[in-house]
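The structure under discussion appears below in the form of C-alpha coordinates.
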Amino acid sequence: MGPVLTRETLSHLARGVLSVALFWLALYYVDWSGVKELFLGMQAGWLAVHVGVLVLERLVFTYKWQILLVVKNTMVPLRTLLMITLIGKFWGLFLPSSVSVDIIRGYYLYKKTASGAISASSVLVDKVMSLWALLLMGLVGLLFYGSAFAEVKIGLYLGGLVAVTALGLYFLQREEFAHWIDRQLPRLIGNRVSGIFLKVYRSFIDYKKHPRTLSYSFVLSVLLQLTRVLGVYTMAMALQIDIPGIYYFVLIPIAMILIMLPISIGGFGLREGIFVGMFALAGMSTTDAFALGFALSITDLLISLVGGLLYAIERPTVMHRG
(Lines give C-alpha, C1' and ligand atoms only; values in the text may rest on other atoms or scores of the structure.)
Protein backbone atom coordinates (compact mmCIF):
# COMPACT_ATOMS: atom_id res chain seq x y z
CA MET A 1 0.00 0.00 0.00
CA GLY A 2 1.41 3.36 -1.00
CA PRO A 3 1.84 6.38 1.30
CA VAL A 4 -1.37 8.09 2.41
CA LEU A 5 -1.59 11.81 1.87
CA THR A 6 -2.91 13.47 5.00
CA ARG A 7 -5.10 16.57 4.98
CA GLU A 8 -2.15 18.61 6.30
CA THR A 9 0.11 17.36 3.50
CA LEU A 10 -2.48 18.13 0.85
CA SER A 11 -3.03 21.60 2.32
CA HIS A 12 0.71 22.31 2.32
CA LEU A 13 1.00 21.03 -1.25
CA ALA A 14 -1.92 23.21 -2.35
CA ARG A 15 -0.28 26.30 -0.85
CA GLY A 16 2.99 25.44 -2.60
CA VAL A 17 1.20 25.11 -5.95
CA LEU A 18 -0.62 28.40 -5.31
CA SER A 19 2.67 30.16 -4.47
CA VAL A 20 4.23 29.05 -7.75
CA ALA A 21 1.04 29.89 -9.66
CA LEU A 22 0.87 33.39 -8.15
CA PHE A 23 4.53 33.98 -8.94
CA TRP A 24 4.26 32.86 -12.55
CA LEU A 25 0.96 34.68 -13.05
CA ALA A 26 2.59 37.90 -11.91
CA LEU A 27 5.60 37.11 -14.09
CA TYR A 28 3.38 36.54 -17.11
CA TYR A 29 2.19 40.14 -17.03
CA VAL A 30 5.58 41.78 -16.57
CA ASP A 31 8.37 42.58 -18.96
CA TRP A 32 11.16 40.31 -17.74
CA SER A 33 13.78 42.19 -19.69
CA GLY A 34 12.62 45.34 -17.87
CA VAL A 35 13.01 43.57 -14.51
CA LYS A 36 16.50 42.49 -15.53
CA GLU A 37 17.42 46.08 -16.41
CA LEU A 38 16.18 47.32 -13.04
CA PHE A 39 18.31 44.75 -11.22
CA LEU A 40 21.40 45.46 -13.32
CA GLY A 41 20.99 49.19 -12.72
CA MET A 42 20.53 48.83 -8.97
CA GLN A 43 22.18 51.61 -6.97
CA ALA A 44 24.75 50.16 -4.57
CA GLY A 45 24.46 53.04 -2.11
CA TRP A 46 20.71 52.68 -1.70
CA LEU A 47 21.07 48.91 -1.48
CA ALA A 48 23.52 49.33 1.40
CA VAL A 49 21.05 51.65 3.14
CA HIS A 50 18.34 49.03 2.60
CA VAL A 51 20.47 46.35 4.27
CA GLY A 52 21.12 48.71 7.19
CA VAL A 53 17.38 49.30 7.57
CA LEU A 54 16.79 45.52 7.60
CA VAL A 55 19.33 45.09 10.40
CA LEU A 56 17.65 47.89 12.37
CA GLU A 57 14.24 46.29 11.78
CA ARG A 58 15.42 42.93 13.17
CA LEU A 59 16.94 44.60 16.25
CA VAL A 60 13.77 46.61 17.01
CA PHE A 61 11.66 43.50 16.42
CA THR A 62 13.74 41.46 18.86
CA TYR A 63 13.99 44.15 21.54
CA LYS A 64 10.20 44.64 21.42
CA TRP A 65 9.75 40.94 22.12
CA GLN A 66 12.28 41.04 24.94
CA ILE A 67 10.44 43.71 26.95
CA LEU A 68 7.24 41.63 26.79
CA LEU A 69 9.16 38.74 28.33
CA VAL A 70 10.90 40.82 30.98
CA VAL A 71 7.57 41.95 32.45
CA LYS A 72 6.74 38.24 32.86
CA ASN A 73 10.02 37.66 34.73
CA THR A 74 11.47 35.67 31.85
CA MET A 75 15.00 36.88 31.25
CA VAL A 76 16.25 36.16 27.74
CA PRO A 77 19.44 37.65 26.25
CA LEU A 78 18.80 39.85 23.22
CA ARG A 79 21.30 37.81 21.22
CA THR A 80 19.37 34.61 21.95
CA LEU A 81 16.04 36.13 20.95
CA LEU A 82 17.60 37.47 17.76
CA MET A 83 18.86 33.98 16.96
CA ILE A 84 15.40 32.50 17.58
CA THR A 85 13.83 35.16 15.37
CA LEU A 86 16.22 34.41 12.50
CA ILE A 87 15.60 30.67 12.90
CA GLY A 88 11.88 31.41 12.73
CA LYS A 89 12.44 33.35 9.50
CA PHE A 90 14.23 30.33 8.06
CA TRP A 91 11.48 27.84 8.86
CA GLY A 92 8.95 30.42 7.68
CA LEU A 93 10.25 29.80 4.15
CA PHE A 94 8.47 26.45 4.18
CA LEU A 95 5.31 27.38 6.04
CA PRO A 96 2.15 29.34 5.15
CA SER A 97 2.00 33.09 5.87
CA SER A 98 4.18 35.35 8.00
CA VAL A 99 2.25 34.17 11.08
CA SER A 100 4.17 30.88 10.83
CA VAL A 101 7.34 32.72 11.79
CA ASP A 102 5.68 33.77 15.05
CA ILE A 103 4.59 30.21 15.77
CA ILE A 104 8.10 28.89 15.21
CA ARG A 105 9.80 31.49 17.39
CA GLY A 106 7.26 30.84 20.15
CA TYR A 107 8.01 27.13 19.89
CA TYR A 108 11.79 27.58 20.11
CA LEU A 109 11.43 29.88 23.09
CA TYR A 110 9.15 27.33 24.76
CA LYS A 111 11.82 24.63 24.31
CA LYS A 112 14.22 26.69 26.39
CA THR A 113 11.89 28.10 29.05
CA ALA A 114 9.70 26.60 31.75
CA SER A 115 6.47 28.20 30.52
CA GLY A 116 4.82 27.56 27.19
CA ALA A 117 2.05 29.99 28.19
CA ILE A 118 4.52 32.86 28.54
CA SER A 119 6.20 32.01 25.24
CA ALA A 120 2.90 31.84 23.35
CA SER A 121 1.28 34.86 24.99
CA SER A 122 4.34 37.09 24.45
CA VAL A 123 4.33 36.26 20.75
CA LEU A 124 0.57 36.82 20.57
CA VAL A 125 0.72 40.22 22.27
CA ASP A 126 3.68 41.13 20.06
CA LYS A 127 1.59 40.26 16.97
CA VAL A 128 -1.42 42.24 18.18
CA MET A 129 0.73 45.32 18.79
CA SER A 130 2.23 45.00 15.30
CA LEU A 131 -1.21 44.64 13.72
CA TRP A 132 -2.50 47.75 15.46
CA ALA A 133 0.59 49.69 14.42
CA LEU A 134 -0.04 48.66 10.79
CA LEU A 135 -3.68 49.72 11.03
CA LEU A 136 -2.74 53.07 12.59
CA MET A 137 -0.19 53.80 9.87
CA GLY A 138 -2.65 52.88 7.15
CA LEU A 139 -5.35 55.13 8.63
CA VAL A 140 -2.96 58.05 9.07
CA GLY A 141 -1.77 57.65 5.49
CA LEU A 142 -5.35 57.62 4.21
CA LEU A 143 -6.14 60.68 6.32
CA PHE A 144 -3.49 62.70 4.49
CA TYR A 145 -3.74 61.14 1.05
CA GLY A 146 -6.93 59.09 0.99
CA SER A 147 -8.48 60.94 -1.97
CA ALA A 148 -6.11 59.11 -4.31
CA PHE A 149 -7.70 55.78 -3.33
CA ALA A 150 -11.33 56.87 -3.01
CA GLU A 151 -12.47 54.71 -5.91
CA VAL A 152 -11.31 51.42 -4.34
CA LYS A 153 -12.68 52.31 -0.87
CA ILE A 154 -9.53 51.28 1.00
CA GLY A 155 -10.58 53.44 3.93
CA LEU A 156 -13.85 51.52 4.28
CA TYR A 157 -12.11 48.13 4.41
CA LEU A 158 -9.37 49.34 6.73
CA GLY A 159 -11.87 51.02 9.04
CA GLY A 160 -13.92 47.81 9.13
CA LEU A 161 -10.83 45.80 10.08
CA VAL A 162 -10.04 48.27 12.87
CA ALA A 163 -13.60 47.97 14.22
CA VAL A 164 -13.56 44.16 14.14
CA THR A 165 -10.16 43.85 15.85
CA ALA A 166 -11.06 46.47 18.47
CA LEU A 167 -14.31 44.66 19.26
CA GLY A 168 -12.51 41.33 19.45
CA LEU A 169 -9.86 42.64 21.84
CA TYR A 170 -12.52 44.31 23.98
CA PHE A 171 -14.32 41.01 24.56
CA LEU A 172 -11.11 39.00 24.95
CA GLN A 173 -9.91 41.07 27.89
CA ARG A 174 -13.26 41.16 29.72
CA GLU A 175 -13.41 39.10 32.92
CA GLU A 176 -16.95 38.00 32.06
CA PHE A 177 -15.68 36.54 28.80
CA ALA A 178 -12.75 34.90 30.60
CA HIS A 179 -15.12 33.18 33.06
CA TRP A 180 -17.31 32.02 30.18
CA ILE A 181 -14.25 30.56 28.42
CA ASP A 182 -13.22 28.80 31.64
CA ARG A 183 -16.62 27.10 31.84
CA GLN A 184 -17.29 26.29 28.20
CA LEU A 185 -13.92 25.41 26.70
CA PRO A 186 -13.38 22.09 28.55
CA ARG A 187 -16.76 20.89 27.25
CA LEU A 188 -15.82 21.72 23.68
CA ILE A 189 -12.25 20.45 23.35
CA GLY A 190 -11.58 18.42 26.50
CA ASN A 191 -9.78 19.19 29.74
CA ARG A 192 -6.22 18.57 28.55
CA VAL A 193 -6.27 20.75 25.45
CA SER A 194 -8.44 23.41 27.08
CA GLY A 195 -6.02 23.53 30.03
CA ILE A 196 -3.16 24.48 27.70
CA PHE A 197 -5.28 27.02 25.85
CA LEU A 198 -6.55 28.60 29.06
CA LYS A 199 -3.00 29.03 30.41
CA VAL A 200 -2.04 30.90 27.23
CA TYR A 201 -5.25 32.94 27.32
CA ARG A 202 -4.81 33.90 30.97
CA SER A 203 -1.20 34.85 30.35
CA PHE A 204 -2.34 36.93 27.36
CA ILE A 205 -4.97 38.95 29.22
CA ASP A 206 -2.63 39.31 32.21
CA TYR A 207 -0.67 41.79 30.10
CA LYS A 208 -3.40 44.37 30.69
CA LYS A 209 -1.96 44.69 34.21
CA HIS A 210 1.14 46.21 32.59
CA PRO A 211 -0.16 49.23 30.63
CA ARG A 212 3.25 50.95 30.53
CA THR A 213 4.84 47.90 28.94
CA LEU A 214 2.00 47.61 26.42
CA SER A 215 2.29 51.31 25.57
CA TYR A 216 6.04 51.01 25.11
CA SER A 217 5.54 47.89 22.98
CA PHE A 218 3.05 49.75 20.80
CA VAL A 219 5.44 52.68 20.29
CA LEU A 220 8.16 50.22 19.30
CA SER A 221 5.67 48.48 16.99
CA VAL A 222 5.02 51.78 15.20
CA LEU A 223 8.78 52.32 14.90
CA LEU A 224 9.11 48.77 13.59
CA GLN A 225 6.49 49.30 10.88
CA LEU A 226 8.12 52.60 9.94
CA THR A 227 11.41 50.78 9.39
CA ARG A 228 9.59 48.22 7.22
CA VAL A 229 8.06 50.95 5.10
CA LEU A 230 11.49 52.58 4.91
CA GLY A 231 12.92 49.22 3.85
CA VAL A 232 10.53 49.05 0.89
CA TYR A 233 11.22 52.68 0.02
CA THR A 234 15.02 52.24 0.07
CA MET A 235 14.73 49.15 -2.14
CA ALA A 236 12.59 51.16 -4.57
CA MET A 237 15.26 53.85 -4.60
CA ALA A 238 17.93 51.20 -5.21
CA LEU A 239 15.92 50.03 -8.24
CA GLN A 240 15.40 53.68 -9.29
CA ILE A 241 11.61 53.37 -9.02
CA ASP A 242 10.18 56.79 -8.29
CA ILE A 243 6.68 57.38 -6.89
CA PRO A 244 5.61 59.83 -4.13
CA GLY A 245 6.77 58.57 -0.73
CA ILE A 246 3.32 58.99 0.84
CA TYR A 247 2.05 56.05 -1.19
CA TYR A 248 4.33 53.70 0.71
CA PHE A 249 2.80 54.71 4.04
CA VAL A 250 -0.69 54.01 2.71
CA LEU A 251 -0.07 50.84 0.70
CA ILE A 252 2.67 48.97 2.57
CA PRO A 253 0.70 48.51 5.84
CA ILE A 254 -2.24 47.10 3.85
CA ALA A 255 0.08 44.88 1.80
CA MET A 256 1.69 43.52 4.99
CA ILE A 257 -1.71 42.61 6.43
CA LEU A 258 -2.60 40.77 3.22
CA ILE A 259 0.73 38.91 3.22
CA MET A 260 -0.27 37.43 6.60
CA LEU A 261 -2.96 35.38 4.85
CA PRO A 262 -2.05 31.64 5.02
CA ILE A 263 -2.55 30.96 1.32
CA SER A 264 1.04 30.56 0.16
CA ILE A 265 4.37 29.15 1.31
CA GLY A 266 6.56 31.74 2.98
CA GLY A 267 4.66 34.50 1.15
CA PHE A 268 6.36 33.40 -2.08
CA GLY A 269 4.41 34.70 -5.04
CA LEU A 270 1.88 36.38 -2.76
CA ARG A 271 4.10 39.40 -2.07
CA GLU A 272 4.81 39.94 -5.77
CA GLY A 273 1.13 39.60 -6.70
CA ILE A 274 0.01 41.97 -3.94
CA PHE A 275 2.64 44.54 -4.90
CA VAL A 276 1.54 44.44 -8.54
CA GLY A 277 -2.09 44.97 -7.52
CA MET A 278 -1.53 47.55 -4.78
CA PHE A 279 1.06 49.76 -6.45
CA ALA A 280 -1.00 49.89 -9.64
CA LEU A 281 -3.22 52.22 -7.59
CA ALA A 282 -0.25 54.57 -7.29
CA GLY A 283 0.53 54.47 -11.00
CA MET A 284 3.50 52.12 -10.71
CA SER A 285 3.97 49.85 -13.70
CA THR A 286 3.47 46.10 -13.38
CA THR A 287 7.13 45.49 -14.17
CA ASP A 288 8.36 47.94 -11.53
CA ALA A 289 5.99 46.60 -8.86
CA PHE A 290 6.96 43.00 -9.57
CA ALA A 291 10.68 43.85 -9.50
CA LEU A 292 10.24 45.63 -6.16
CA GLY A 293 8.38 42.71 -4.58
CA PHE A 294 10.82 40.19 -6.04
CA ALA A 295 13.86 42.11 -4.78
CA LEU A 296 12.35 42.24 -1.28
CA SER A 297 11.68 38.48 -1.45
CA ILE A 298 15.33 37.87 -2.31
CA THR A 299 16.63 39.93 0.62
CA ASP A 300 14.12 38.20 2.90
CA LEU A 301 15.40 34.86 1.62
CA LEU A 302 19.01 35.80 2.37
CA ILE A 303 18.15 36.82 5.94
CA SER A 304 16.22 33.58 6.36
CA LEU A 305 19.25 31.60 5.23
CA VAL A 306 21.21 33.26 8.05
CA GLY A 307 18.63 31.75 10.39
CA GLY A 308 19.16 28.35 8.79
CA LEU A 309 22.91 28.65 9.31
CA LEU A 310 22.41 29.57 12.97
CA TYR A 311 20.11 26.60 13.41
CA ALA A 312 22.78 24.31 11.99
CA ILE A 313 25.72 25.54 14.05
CA GLU A 314 24.31 26.75 17.35
CA ARG A 315 21.27 26.11 19.53
CA PRO A 316 19.91 29.06 21.56
CA THR A 317 20.30 29.09 25.32
CA VAL A 318 17.74 30.83 27.54
CA MET A 319 17.61 31.52 31.25
CA HIS A 320 14.24 31.46 32.97
CA ARG A 321 13.46 33.19 36.22
CA GLY A 322 10.24 33.48 38.18
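The values are calculated or read from the model by the stated rules, or taken from the named source; none is laboratory data. Values in this document were obtained by computation on a predicted structure and should not be read as measured data. So basically every Cβ, Gly included, is an ideal-geometry build from the backbone, and we count neighbours across all protein chains shown.
Give me the residue from region 303-322 that is part of a helix (DSSP H, G or I) and either more than 23 Å from residue 57 (Cβ to Cβ) or at pLDDT 85 or above (or both) and, out of that set, farthest from the chain's Cα centre (by Cα). If you could, list the steps in order and put the result at the bottom.
Here is the first cut: in region 303-322, the ones part of a helix (DSSP H, G or I) are 303-313.
Of the ones still in play, those that are also either more than 23 Å from residue 57 (Cβ to Cβ) or at pLDDT 85 or above (or both) are 312-313.
Numbers: 312: 24, 313: 26 Å.
Looking at the filtered set, the residue picked out is 313.
Here is a yes/no grid of residues against (1) under 17 Å from the mean Cα position of the chain (by Cα); (2) over 18 Å from residue 130 (Cβ atoms); (3) not in a helix (DSSP H, G or I):
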{"site": "196", "(1), (2), (3)": "no, yes, no"}
{"site": "202", "(1), (2), (3)": "no, yes, no"}
{"site": "207", "(1), (2), (3)": "no, no, no"}
{"site": "228", "(1), (2), (3)": "yes, no, no"}
{"site": "241", "(1), (2), (3)": "no, yes, yes"}
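Select from region 176-194 the residues that are among the small types (Gly, Ala, Ser) and surrounded by 13 or more Cβ atoms within 10 Å (Cβ to Cβ) and write down the one among them that is farthest from residue 70 (Cα to Cα). It would help to see each step written out before you state the result.
Residues of region 176-194 that are among the small types (Gly, Ala, Ser), as a first pass: 178, 190, 194.
Checking which are surrounded by 13 or more Cβ atoms within 10 Å (Cβ to Cβ) leaves us with 178, 194.
Working: 178: 24, 194: 26 Å.
So the residue we want is 194.
Among (1) within 30 Å of residue 34 (Cα to Cα); (2) loosely packed, with under 12 Cβ neighbours inside 10 Å, where does residue 160 come up short?
Answer for residue 160: the failing condition is (1).
Restricting the first residue to region 202-228 and requiring it to be at positive phi, which pairs with a second residue that is buried (at least 16 other Cβ atoms within 10 Å of the Cβ) and not in a helix (DSSP H, G or I) meet a Cβ separation below 7 Å and a spacing of at least six or different chains?
none
Anything in region 101-115 that is in contact with a Leu (Cβ under 9 Å, 6 or more places away or on another chain) and in a helix (DSSP H, G or I)? List them, or say none. Let's see the steps before the verdict.
Of region 101-115, the ones in contact with a Leu (Cβ under 9 Å, 6 or more places away or on another chain) are 101-106, 109, 113.
Selection gives 101, 102, 103, 104, 105, 106, 109.
So which residues in region 64-83 are in a helix (DSSP H, G or I) and over 16 Å from the mean Cα position of the chain (by Cα)?
Looking only at region 64-83, we keep the residues that are in a helix (DSSP H, G or I), and these are 64-70, 78-83.
Once the filter is applied, which keeps residues that are in a helix (DSSP H, G or I) and over 16 Å from the mean Cα position of the chain (by Cα), region 64-83 yields 66, 67, 68, 69, 70, 78, 79, 80, 81, 83.
If you check residue 211 against the conditions, is it more than 22 Å from residue 59 (Cβ to Cβ) and surrounded by fewer than 13 Cβ atoms within 10 Å (Cβ to Cβ)?
Working: more than 22 Å from residue 59 (Cβ to Cβ): yes; surrounded by fewer than 13 Cβ atoms within 10 Å (Cβ to Cβ): yes.
For residue 211, the condition - more than 22 Å from residue 59 (Cβ to Cβ) and surrounded by fewer than 13 Cβ atoms within 10 Å (Cβ to Cβ) - is met.
From (1) under 24 Å from residue 127 (Cβ atoms); (2) among the aliphatic types (A, V, I, L, M); (3) crowded, with 23+ Cβ neighbours inside 10 Å, pick out the condition that doesn't hold for residue 236.
(1)
Between a residue in region 272-301 that is in a helix (DSSP H, G or I) and any residue that is modelled with pLDDT under 85 and among the basic types (Lys, Arg), which pairs come within a Cβ distance under 7 Å, given they are 6 or more apart or on different chains?
293/271; 296/271; 297/271
crowded, with 19+ Cβ neighbours inside 10 Å and hydrophobic (A, V, I, L, M, F, W, C): does that describe residue 75? Explain how you work it out, then say what you get.
Numbers: crowded, with 19+ Cβ neighbours inside 10 Å: no; hydrophobic (A, V, I, L, M, F, W, C): yes.
So residue 75 does not fit the description; no.
How do the pairs read when you match residues in region 171-193 that are modelled with pLDDT of 75 or more with residues anywhere that are loosely packed, with under 13 Cβ neighbours inside 10 Å and among the aromatic types (Phe, Trp, Tyr), using Cβ under 8 Å and keeping only pairs 6 or more apart or on different chains?
Pairs that qualify, where the first residue is modelled with pLDDT of 75 or more and the partner is loosely packed, with under 13 Cβ neighbours inside 10 Å and among the aromatic types (Phe, Trp, Tyr), are 177/171.
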